[in-house]
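Enquirer: Got a structure here, written out as structure tokens. Questions coming.
Where a number appears in this text, it was derived from the coordinates with a stated rule and is not lab data. Predicted model only: the values in this text are computed from it and were never measured. Reconstructed Cβ throughout: ideal geometry from the backbone, glycine too, with neighbour counts over all protein chains shown.
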Amino acid sequence: MTHKNAAKEATAKKGKLDWEQVRTRLNAQTQTSGEKITSAEKVQAILEERARALAKSTQVQTGESMQLVVFTLADEMYGIATEYVHEVQPLRDVTPVPCTPDFVVGVINIRGSIYSVVDIRGFFGVAKKDMTEATKVILVNAAGLEVGILADDVRGATSILLDQIKPGLAAQAAVKEEYIQGVTKDMLIILNLEALLRDERIVVREEVG
């Protein structure tokens, strides 16, 4: 066989397909591809689960909330929505006013403005307590009235998720239901200030003679 003929034969062999080898390679690629698809599906499922968990966490973190000023009366904690609160002041220089209901402590002068100071203990069945240096007045504006709410102490401000607020407790049966917006798991009583200040017993004198 000449060198030229040997070269042609080699070229012919290279041009032929080994179909058995091709089938073997295709089967191997299909199996590998299937493994990759299965793996990809698992990864996708994991990512979707993480996304759902993150969405749930974000929903809790960014859920609707209420900003409250927290204060105490005796051993109970109360909250007033900050939208009603103008400022908090120490209780000093209170002037008693004759012929007013017993829950009206008196009036105070804050930078030239006169505010009636109301002790709401009687509306919630809370025992009276002597005034101390910690006693505060929470100046609020609600139901068309500007008054001072007496507090044994003011603990500060906090944010409560609305879904954490539960209906008023049965233990508060002595209190009108409309006075309480709800109670948290920490026994923080959230006041419905609008309803409270609309009570017919509360008389606020705009002018004091």
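Enquirer: To the nearest 0.05, what FRET efficiency results for Ser113 and Arg155 with a Förster distance of 22 Å applied to their C-beta separation? Walk me through the numbers on the way to the answer.
Expert: Numbers: r = 25 Å, r/R0 = 1.15.
Computed FRET efficiency for Ser113 and Arg155: 0.30.
Enquirer: Taking the Cα-to-Cβ direction at Asp93 and at Asp163 and moving 7 Å from each Cα, how far apart do the two end points lie in nm?
Expert: 4.9
Enquirer: If I model a spin label at Arg201 and Glu83 as a point 7 Å from the Cα along the Cα→Cβ vector, what separation in nanometres do I get?
Expert: If labels sit at Arg201 and Glu83, their model points lie 2.7 nm apart.
Enquirer: May I ask you to give the average projected area over all directions of the convex hull of the Cα atoms of region 98-144, in nm² rounded to one decimal?
Expert: Average of the hull's projected areas for region 98-144 equals 4.6 nm².
Enquirer: Fewest to most neighbouring Cβ within 10 Å: what's the order for Arg121, Arg201?
Expert: Working: Arg121 17, Arg201 8.
Sorted ascending by nearby Cβ count, the order is Arg201, Arg121.
Enquirer: Compute log10 of I(q)/I(0) for region 65-197 with the Debye formula, placing one identical point scatterer on every Cα and leaving out solvent, at q = 0.13 Å⁻¹, to two decimals.
Expert: Debye intensities relative to I(0), on a log10 scale: -0.51.
Enquirer: Oh, and also: How far apart, in nanometres, would the label points at Phe103 and Asp75 be if each is projected 7 angstrom from Cα along the Cα-to-Cβ direction?
Expert: For Phe103 paired with Asp75, the spin-label model returns 2.3 nm.
Enquirer: Taking the beta-carbon count within 10 Å as an exposure proxy, list Phe71, Phe103 from fewest neighbours to most.
Expert: Numbers: Phe71 22, Phe103 16.
The fewest-first ordering by Cβ neighbours comes to Phe103, Phe71.
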